[in-house]
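Heads up, the thing below is written out as structure tokens.
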Amino acid sequence: MAMRRRAPAIVPTMPSVNLLSQSEFDRMAARRLRRRFIAAGLVLVVGLGAYGAVLRMRVGEAHKLAAVEQAETSRLTAQTQVLAPVRAFVNGVAVQQRTVDEAMANEVFFSDVLTGIQDATPPGARLVTVDVTLAPPPVPGAAADATSACPGPDPFNTRVAVGCVQLAGTAGSRAEVGDMVVALGRSRLFVEPFISTTTTGDSDQVAFSGSVGLSEKVYSGRYADEGGDS
């Protein structure tokens, strides 16, 4: 059976006519663009305003912080000016303390020196003269003096002596004089004990004279710097 083709149905429509000209369409498109530009401008203005407000707030906070710091600086400056005389007084005391320390650095306990000599003197001996002479303090920056402050038994092997004690007296025998020299040599206060002369008199008494050097142990060390050697 042969199939029949159906013809497409025809739907009636109303005729359309464009009554606007092309220039009107262009004006409408221009108006839409203007509205978009205006909206974008408003968004930009609002954004810039908000950013400016944030900046102004931060600048205000910075000004407040600067004012607080300036006030604190003024307060501390005033306190410093008030305490300036106290600082000057403390500096003056420190200078005087250093002067005293330097002047008294070589202070000697003469009582210890005399006690040491007395302990070294034998019971049968008697001292007539005890003359103590201190060596001058070393000059800062100057070369050390190699000569001893007191003559010793060996002029080629001298030890450091900060002073010299000249001794003169009598003893029951030369052995007692020798015992005194040994005792002085064992003491930490003395160095290089030396008897220069001995004389025997009619009374069997031995007159002697000599010297003994003072070691650095005779210094009191009371004015030495903390942490330094005394």
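The values are calculated or read from the model by the stated rules, or taken from the named source; none is laboratory data. Keep in mind the model is a prediction, meaning the values are calculated, not measured. Cβ coordinates were reconstructed from backbone atoms using ideal geometry, including for glycine residues, and neighbour counts include every protein chain displayed. The area values use the complete protein model at the heavy-atom level, side chains included, leaving out ligands, DNA and RNA. Shrake-Rupley method; radii C 1.70, N 1.55, O 1.52, S 1.80 Å.
In segment 117-128, which residues are touching a residue at least 12 places away in the same chain (Cβ under 8 Å) and within 18 Å of residue 178 (Cβ to Cβ)?
Taking segment 117-128 first, the residues touching a residue at least 12 places away in the same chain (Cβ under 8 Å) are 117, 119-122, 124-128.
Listed by number, the residues that qualify are 117, 119, 120, 121, 122, 124, 125, 126, 127.
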Log entry, pairs with first residue in segment 205-230 being farther than 26 Å from residue 152 by Cα and open to solvent by 90 Å² or more (accessible area, probe 1.4 Å), second being of a type outside the set (A, V, I, L, M, F, W, C) and modelled with pLDDT under 80, beta carbons closer than 7 Å, six or more apart or on different chains, reads 222/107
Do the conditions hold for residue 85, that is, is it open to solvent by 50 Å² or more (accessible area, probe 1.4 Å), at pLDDT 85 or above and farther than 23 Å from residue 218 by Cβ?
no
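Return yes when residue 172 is modelled with pLDDT under 90 and closer than 22 Å to residue 207 by Cα and no when it is not.
Numbers: modelled with pLDDT under 90: yes; closer than 22 Å to residue 207 by Cα: yes.
Considered against the rule, which asks whether it is modelled with pLDDT under 90 and closer than 22 Å to residue 207 by Cα, residue 172 comes out as yes.
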